[in-house]
Amino acid sequence: MRIHIQNPANDPDFAITPEQAAAAFADEPPHTVTYGVTLADFAAVADGVELLIGSTGTLRSLLPLEAAKLRLVFVNAAGVDGLAPFDWLPDGVTLLNNRGTHAPKAGEYIAMAALMLAAKLPALAAAQRAGQWRPLFTAPLSGRRVTIIGTGDLGSAGARALRALGVAVTGVRSNAAPHPDFAAVAGVGTLDDVLSASDIVVLACPLTPATSGLLNRRRLALLPLGAGVVNLGRGRLLDPDALCDLLDSGHLSGAVLDVFDPEPLPPGHRMWSTANLIVTPHVSCDDPATYNRRSLAILHANLVAWRDGQALPNRVDTARGY
């Protein structure tokens, strides 16, 4: 197979190296693998490429794709909203993502954020910056009602990590079918009722037309007094001004956000100075030391399934957007 890896020009931590690719495909029939960074690099090999690998940004820079032999596109990311709508995908070409790469760190981040909110660490950090000794005594996390919106790899990893801390987590997804990692599962149609009974709500779902603005002002206001919010999905899943207003008013006690719209969060943006809001710069799920290795292992599993005529575990349903 002719494989082309289009690496990012300005993100060396996540550029796939020949050594990483060789290790991932060691037990495969010999592949011809090329590497590129510029548009000219891709254009030089495009006519023969059968499998194209790249991040969301690098793939977007290559559109429209002109590669007559292309059969597979592997996005080195789980969220593919940056490539929607998918009318650029040539007929007969399958789109894959690296769903499963992010779970280990995502679970830790969700547990960390929930512990921070339970302990009122955002408020304690604000008091420290103000030079104020302001004792805040709190109950353990184990007694809190935690809801995770999104029961995929990120949300499931968070549920497992919280279960180890004694928290029974409710998951929310498109249907209410049981999930082994969650104590209870609710369909998105009952989200309003679930929010009104949640002390901490975590956004871990993909961004699609159906989820954009999911936590709008009305729904954020349904959260009980003193509740907290965590977002490691996408910034556009919630209304940022409504969140800041509810934090400023004291209705919400804290928030831990890793994703924003736009990114990077611009200087002077309201979220930098909103009370009891912790900002992390989109680092919740990615570990440069293991990211490419895990991602390529997932690709390898899909190539084996493709070769054997089996369903591809990481095939993106372009109609649903994930």
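The values are calculated or read from the model by the stated rules, or taken from the named source; none is laboratory data. Please read all numbers here as calculations on a predicted model, not as lab measurements. In this analysis, Cβ positions are derived from the backbone assuming ideal geometry, glycine residues included, and neighbour counts consider all displayed protein chains.
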- Being touching a Lys or Arg at 6+ places or on another chain (Cβ under 9 Å) and of a type in the set (A, V, I, L, M), is that true of even one residue in segment 26-36? yes
- Of all residues in segment 135-160 being surrounded by fewer than 22 Cβ atoms within 10 Å (Cβ to Cβ), in a helix (DSSP H, G or I) and modelled with pLDDT of 95 or more, the one that is nearest to the chain's Cα centre (by Cα): Asp153
- Item | Members of segment 114-162 found to be touching a residue at least 60 places away in the same chain (Cβ under 8 Å), hydrophobic (A, V, I, L, M, F, W, C) and farther than 20 Å from Ser196 by Cα, listed by number | Met116, Leu121, Ala123, Ala125, Ala126, Leu154
- Item | Of residues in segment 283-322 being part of a loop (DSSP other than H, G, I, E, B) and aliphatic (A, V, I, L, M), the one nearest to Leu257 (Cα to Cα) | Val283
- Task: For residues that are of a type outside the set (A, V, I, L, M, F, W, C) and in contact (Cβ under 8 Å) with a residue 60 or more places away in the chain, scanning just segment 1-40, find the one that is farthest from Leu62 (Cα to Cα).
- Result: Glu28
- Cβ pairs under 6 Å, 6+ apart or interchain, first in segment 183-194 and under 17 Å from Ala159 (Cβ atoms) and assigned by TED's automatic domain parsing to the domain that holds Gly171, second hydrophobic (A, V, I, L, M, F, W, C) and part of a helix (DSSP H, G or I), ordered by first then second residue, are Ala186/Val194
- Message: Step by step: first the residues of segment 33-70, then only those that are in a helix (DSSP H, G or I) and polar (S, T, N, Q), then the one that is surrounded by the fewest Cβ atoms within 10 Å (Cβ to Cβ). Which residue is that?
- Response: Ser61
- Failed condition for Pro30, given (1) over 20 Å from Ile298 (Cβ atoms); (2) modelled with pLDDT of 95 or more; (3) part of a loop (DSSP other than H, G, I, E, B), with all others met? (2)
- Filtering segment 187-226 down to residues that are among the small types (Gly, Ala, Ser) and touching a Ser or Thr at 6+ places or on another chain (Cβ under 6 Å) yields Ser198, Gly226
- Query: Looking only at residues in segment 271-282 that are part of a helix (DSSP H, G or I) and touching a Leu at 6+ places or on another chain (Cβ under 9 Å), which one is nearest to Val230 (Cα to Cα)?
  - Reply: Met271
- Message: I'm trying to understand the selection: among the residues of segment 73-127, which are closer than 17 Å to Gly321 by Cα and not in a loop (DSSP other than H, G, I, E, B)?
- Response: Val73, Phe74, Val75, Asp81, Gly82, Leu83, Thr94, Leu95, Leu96
- Query: Exactly one of (1) closer than 28 Å to Ala24 by Cα; (2) aliphatic (A, V, I, L, M); (3) surrounded by fewer than 14 Cβ atoms within 10 Å (Cβ to Cβ); (4) without any contact (Cβ under 8 Å) to a residue 12 or more places away in the chain is unmet by Ala319. Its number?
  - Reply: (1)
- Message: So Arg270 passes all but one of these: (1) surrounded by 14 or more Cβ atoms within 10 Å (Cβ to Cβ); (2) in contact with a strand residue (DSSP E or B) (Cβ under 8 Å, 6 or more places away or on another chain); (3) not assigned by TED's automatic domain parsing to the domain that holds Glu28. Which condition number does it fail?
- Response: (2)
